Amino acid sequence: MRKILFITSHRNNRSPGQRFRFEQYYQFLEQNGYKCDVSFIVGPADDVFLYRKGNYLKKLKLLIKSVWIRLRDLRRANDYDIIFIYREALLIGSIFFEKRFRKKKAKLVFDFDDSVWLYDTSEANKRFEWLKDPGKTAKLVALCDMVFVGNQYLADYALQFNSEVKIVPTTIDTEEYKREASVKKDDKIVIGWTGSITTIKHFEYAAPILRRLKEKYGDKLVIKVIGDRNYVHKGLGIQGMPWNKENEIRELSTFDIGIMPLPNDQWSKGKCGLKGLQYMALEIPAVMSPVGVNCDIIQDGVNGFVADKEDEWVEKLTKLIENKELREKMGKEARKTVIEKYSKEAQKGNYLKYFNELLAK
C-alpha cells in the first residue's frame, strides 16, 4: 500500500478548508491503495488562545512545538510516497521544511484554496504579521511536483510558477449533508451565516442590509451567526454561536436563507464558495456576493441569488423572506447543483487520479 503524509495546521474535523478539500476522501483513498497519515500543529488546547489577542508566551511555545513536529515529519519523510502540504508546513513565513521535504524521495503536493499569496492576518495576530511571508506561496508552488487549487482564479496564479496545476473544487458530502426538517419550531424566518473567527469580518458587510430588513419585518426575522461565540450585534439581536461539528448540520438546518457577503477584493476572488455550498447542499437558498467562483456556482434566480449593491441584497432577500414556495424551489435546485458538480461523489476520483498520475512519472 502506498502512503501519504498530510501536512496540516489543524487536526481532523477542525478546519473547514481541510474537511471539505481532502479529509472526507481519506476512506476512499485507503479503499484504493493509499494509507493516509496526518501531521497537525494546532491541538485542542492551542485553539483556546491562537486566535485571541495576547497570550504571547503560549503562542511562542506553539511555534516551538510546531518546529519539533515538523522535525519529526522530516525524519520519517522517506517512509512516504507522497507528502501533501495544505497551505504551509509552519504558520510563519519560513519554507525551511518544504525545501527539505523536496529533497526526500516522496513526491511533493501543495494544496491551497484561498489567495494565500496576499496578507490576511486575523485581528488577534496583526502584530505578528511581519512573521508571515505571503510571497512564499510562489516559491512553494514552484517547489512542488503537483499543485491542487480550488478554482480557476487560483489556478491562473499557480500556473505562473508550475505547469502541473490541477483544479479540484471544494466539495460537500451530500450523503452526510441532508437537511433536518424537524428543527424548525416556529414560523419566524431565519437568515443565517456560518464561518469562523477569522472570517466574521465578512458578515459585517451584510449588517446594514440586515438592519433594513429587521426594521421592516421586526420579530418575524431572526439573524443567526455560527462560528464565533464572542460575536455580538445588539442592533440585530445577534449573539454568535460556536461552531460544533456534532451539531453543525442541525444548526444550519434552522436557516431559511443563507448569506455569503464578500468584499470584491483579490483575497475574496480566490475563495471557493464553501459557505454557499454548505447552504445549498441542505436545500437552503443562498444569496452570495458576485465574487470569484460564486458566479460559477450560482445561476441567478434559479439555484440561488447573487447580489452586489445594498438595494439588490435587500430586494432579493425580501423575495425569499416573503415567498416560501420560492425558497423551497430554489433550495431543491441548489442541492441538485451541489450533487452534480460540487459533491464528494462527483469529485472523489480526482485525488486518486492525480495521485496515480504523479507516482507513475
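For segment 25-109, trypsin sites (Lys or Arg not before Pro) are listed when DSSP marks them as loop and at most 11 other Cβ atoms sit within 10 Å of their Cβ; the list is Lys103, Lys105.
Candidate cross-link partners of Lys107 among the lysines, defined by an alpha-carbon separation under 19 Å and a same-chain spacing of 8 or more, comprise Lys3, Lys35, Lys99, Lys139, Lys166, Lys353, Lys361. Segment 183-240 and segment 132-175 have their alpha-carbon centroids 33 Å apart. Counting other Cβ atoms within 10 Å, which GluC sites (Glu not before Pro) in segment 172-270 have at most 12 and lie in a DSSP loop? Loop-located and lightly packed - Glu175, Glu176. In segment 323-341, which residues have a backbone nitrogen under 16 Å from the label point lying 7 Å from Asp187's Cα in the Cα-to-Cβ direction? Answer for segment 323-341: 323-325. By the count of other C-beta atoms within 10 Å, a proxy for reagent exposure, Tyr86, Tyr80 are ordered fewest to most as Tyr80, Tyr86.
Tilt of helix 324-341 relative to the longest C-alpha principal axis of the chain, in degrees (0 to 90, nearest 10)? Once rounded, one gets 20 degrees. Kindly express, to the nearest 10 degrees and within the range 0 to 90, the angle between helix 207-217's C-alpha long axis and the longest C-alpha principal axis of the chain. Its long axis makes an angle of about 30 degrees. Computed from the Kirkwood radius of its Cα pairs, the Stokes-Einstein diffusion coefficient for segment 26-96 at 25 °C and 0.890 mPa s stands at 174 µm²/s. A Gaussian network model of the chain, with springs between Cα atoms under 10 Å, assigns the largest mean-square fluctuation among Leu213, Leu60, Leu74 to Leu60.
Among the trypsin sites (Lys or Arg not before Pro) found in segment 245-343, those both in a DSSP coil and sparsely packed, with 15 or fewer other Cβ atoms within 10 Å of their Cβ, are Lys309. On full extension, the segment bounded by Phe28 and Lys104 gains 24.7 nm, given 0.36 nm per residue less the C-alpha separation. Convex hull over the Cα atoms of segment 181-341, averaged projected area in nm²? Mean projected area of the Cα convex hull: 8.7 nm². Computed extension gain for Cys295 through Ala155, at 0.36 nm per residue and net of the alpha carbon distance, reaches 48.7 nm. Per-residue ellipticity at 222 nm, computed for the chain from helices alone with -39500 (n - 2.57) per DSSP H run of at least four residues, works out to -11000 deg cm²/dmol.
Of Ala206, Ala89, Ala334, the residue with the greatest mean-square motion in the GNM of the chain, using alpha carbon springs below 10 Å, is Ala206. Backbone amide hydrogens, once placed in the peptide plane, bring Ile238 within less than 5 Å of His233, excluding anything fewer than 5 places away on its chain. Fully extending the segment from Lys139 to Glu180, taken as 0.36 nm per residue of separation minus the present Cα-Cα distance, adds 10.3 nm.
Spin-label model, Lys201/Ala360: points 7 Å from Cα along the beta carbon direction are separated by 4.4 nm.
Between the helical axis of 56-75 and the longest alpha-carbon principal axis of the chain there is an angle of about 50 degrees. Coupling constants for segment 143-150 follow from the phi torsions by the Karplus curve (6.51 cos²θ - 1.76 cosθ + 1.60, θ = phi - 60°), and in residue order they are 6, 8, 6, 8, 10, 9, 9, x Hz; glycine and proline get x. Seen from Tyr34, the other residues with C-beta closer than 9 Å to its C-beta sum to a net charge of +1, counting Lys and Arg as +1 and Asp and Glu as -1.
Go ahead and run the numbers for FRET between Asp219 and Lys3, Cβ-Cβ distance against an R0 of 41 Å, rounding to 0.05. It comes out at approximately 0.15.
We did not get these values from a lab; they are worked out from the coordinates using the rules stated. All of these numbers come straight from a predicted model, not from anything done at the bench. All Cβ positions, even for glycine, are placed from backbone atoms using ideal geometry, and neighbour counts span all protein chains on display.
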